[in-house]
Amino acid sequence: MLKWGFVFLLLAVASGLFGAAVSDASSFALAQLLFFGNVVLFVVFTLLGTLVPRSLDVPHRDSTRQSDR
């Protein structure tokens with residue numbers, strides 16, 4: 001989705017250079033929408049990733065048991 005945002009941004013710049021104002025504005029609006037959509041999704045999934053507890057494969061050492069020596 002971010003790649004499409006860059007594509008529409010390049011289309012907006014190219015059409016702005018050639019003087020097509022309608023195509024320039026719509027391409028820029030779409031590129032801006034896709035970019036900020038990606039920013040929102042990045043923040044949401046980053047927060048979700050920090051809130052999910054991960055289990056570690058570390059063996060549990062029981063301090064109440066005596067060693068078998």
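Could you list all residues from segment 34-43 that are closer than 26 Å to Ser15 by Cβ and free of Cβ contacts under 8 Å to residues at least 24 places away in the same chain?
Those that are closer than 26 Å to Ser15 by Cβ and free of Cβ contacts under 8 Å to residues at least 24 places away in the same chain: Phe36, Val39.
Checking Leu41 against (1) surrounded by 12 or more Cβ atoms within 10 Å (Cβ to Cβ); (2) at pLDDT below 75; (3) within 12 Å of the chain's Cα centre (by Cα), only one condition comes out false. Which one?
Failing condition for Leu41: (2).
Take segment 1-53 and flag every residue that is outside any helix (DSSP H, G or I) and among the hydrophobic types (A, V, I, L, M, F, W, C).
If the condition is that a residue be outside any helix (DSSP H, G or I) and among the hydrophobic types (A, V, I, L, M, F, W, C), then Met1, Ala20, Val52 are the ones that fit.
The values are calculated or read from the model by the stated rules, or taken from the named source; none is laboratory data. All values derive from a computational prediction rather than experimental measurement. Here Cβ is always computed from backbone atoms with ideal geometry, including for glycine, and neighbour counts include all displayed protein chains.
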